[in-house]
């Protein structure tokens with residue numbers, strides 16, 4: 001794959017040589033700082049106070065699944081901010097691995113959240129609707145954005161909406177740590193499309209997540225920006241400038257001037273696990289660029305003596321599933337979607353690792 005990466009003019013995450021994990025963790029902090037300063041903005045601070053209140057509980061699927069609605073209440077900048085999450089888990093007495101899902105909707109189950117199948121395989125899910133955090137538009141007075149900015153103008157490196165949604169995923173993780181049935185060492189953050197970008201950022205900035213899963217995240221998510229097909233920086237920044245910090249706008253039509261590429265975001269998960277999934281017909285997201293990003297991030301795992309991305313020396317084809325290394329990947333047949341097939345691949349991977 002070296003020739004494909006050279007065509008993209010991909011910079012290394014790290015200079016030549018082999019290093020210890022501790023040495024890389026210093027580099028990792030630099031990478032996260034760079035991504036926040038130049039692309040997503042710095043996440044809001046941890047809340048000064050946080051509490052959780054259960055408002056409802058019911059059984060689903062003939063009593064096999066318990067669904068609870070929880071209100072998370074935080075204090076940030078001395079002001080209260082609350083949002084709902086939904087905790088689904090199978091009836092069990094053992095510690096459960098679990099997902100924190102950033103979802104487009106608050107419904108459980110959902111078209112992208114086959115909760116019966118997930119729970120049947122022994123996993124719990126904490127999910128929330130991203131719009132319950134802040135609106136998906138340029139209104140920085142809505143929800144969490146209003147608490148953070150309080151009518152003031154953003155600084156160039158201040159957070160956009162993706163960083164705010166990632167902050168909420170960490171608050172869901174705060175809740176998970178209070179639940180004895182959940183195994184805090186087996187937490188995976190997951191999202192689809194723009195929320196796949198969010199899941200990668202949440203995983204990069206919160207080391208409590210053992211794994212981050214990006215489904216069809218594309219531009220400014222898992223896909224390399226240099227020479228990308230489909231959606232590119234100019235298109236995404238013109239359509240969704242509110243997702244990013246203002247510093248990022250200077251790279252429109254200047255991808256080669258970026259001091260990073262998106263494989264840095266994947267490498268920010270080292271030495272933890274990360275999973276990228278693509279769809280064969282999702283050319284807007286560009287499966288090839290997502291795959292090559294995994295190939296480029298592999299060098300970091302290799303330099304610290306870990307198995308990173310194990311794959312054949314070719315571009316991916318529909319039906320490919322690569323689960324051996326610390327970077328998981330699959331390419332399903334079909335369009336831009338998160339479906340049951342994807343979830344079973346994710347669980348298969350997590351069960352191996």
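The values are calculated or read from the model by the stated rules, or taken from the named source; none is laboratory data. None of these values were measured; they are calculated from a predicted model. In this analysis, Cβ positions are derived from the backbone assuming ideal geometry, glycine residues included, and neighbour counts consider all displayed protein chains.
If you go through segment 23-40 one residue at a time, do you hit one that is at pLDDT 90 or above, assigned to a loop (DSSP other than H, G, I, E, B) and more than 16 Å from residue 176 (Cα to Cα)?
Checked segment 23-40: no residue is at pLDDT 90 or above, assigned to a loop (DSSP other than H, G, I, E, B) and more than 16 Å from residue 176 (Cα to Cα).
Does at least one position in segment 222-238 carry a residue that is within 18 Å of the chain's Cα centre (by Cα) and surrounded by fewer than 18 Cβ atoms within 10 Å (Cβ to Cβ)?
No; the residues of segment 222-238 include none that is within 18 Å of the chain's Cα centre (by Cα) and surrounded by fewer than 18 Cβ atoms within 10 Å (Cβ to Cβ).
Under 6 Å by Cβ, and 6 or more places apart or on different chains, what pairs join a residue from segment 55-77 that is on the phi > 0 side of the Ramachandran plot with one that is surrounded by 13 or more Cβ atoms within 10 Å (Cβ to Cβ) and not in a strand (DSSP E or B)?
Note: pairs meeting the criteria are 61/116.
Looking at residue 311 and the list (1) outside any loop (DSSP other than H, G, I, E, B); (2) crowded, with 16+ Cβ neighbours inside 10 Å; (3) more than 21 Å from the chain's Cα centre (by Cα), which single condition is not satisfied?
Failed condition: (1).
Checking the structure you have, find out if any residue of segment 115-126 is closer than 20 Å to residue 36 by Cα, out of contact with any strand residue (DSSP E or B) (no Cβ under 9 Å at 6 or more places or on another chain) and surrounded by fewer than 19 Cβ atoms within 10 Å (Cβ to Cβ).
The answer is no; no qualifying residue exists.
Out of the residues in segment 127-145 that are over 21 Å from residue 79 (Cβ atoms) and within 15 Å of the chain's Cα centre (by Cα), which is surrounded by the most Cβ atoms within 10 Å (Cβ to Cβ)?
127
Say we look at segment 70-98 and pick out the residues that are at pLDDT below 95 and touching a strand residue (DSSP E or B) at 6+ places or on another chain (Cβ under 8 Å); which of these is surrounded by the fewest Cβ atoms within 10 Å (Cβ to Cβ)?
91
Per-residue answers, yes or no, for (1) free of Cβ contacts under 8 Å to residues at least 24 places away in the same chain; (2) closer than 15 Å to residue 214 by Cα; (3) buried (at least 16 other Cβ atoms within 10 Å of the Cβ); (4) in contact with a strand residue (DSSP E or B) (Cβ under 6 Å, 6 or more places away or on another chain):
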residue: 290; (1), (2), (3), (4): no, yes, yes, yes
residue: 299; (1), (2), (3), (4): no, no, yes, no
residue: 303; (1), (2), (3), (4): no, no, yes, no
residue: 322; (1), (2), (3), (4): yes, yes, yes, yes
residue: 326; (1), (2), (3), (4): no, yes, yes, yes
residue: 329; (1), (2), (3), (4): no, yes, yes, yes
residue: 343; (1), (2), (3), (4): no, yes, yes, no
residue: 348; (1), (2), (3), (4): no, no, no, no
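Just checking, which of 212, 202 is within 21 Å of residue 297 (Cα to Cα) and assigned to a helix (DSSP H, G or I)?
So the residue among 212, 202 that is within 21 Å of residue 297 (Cα to Cα) and assigned to a helix (DSSP H, G or I) is 202.
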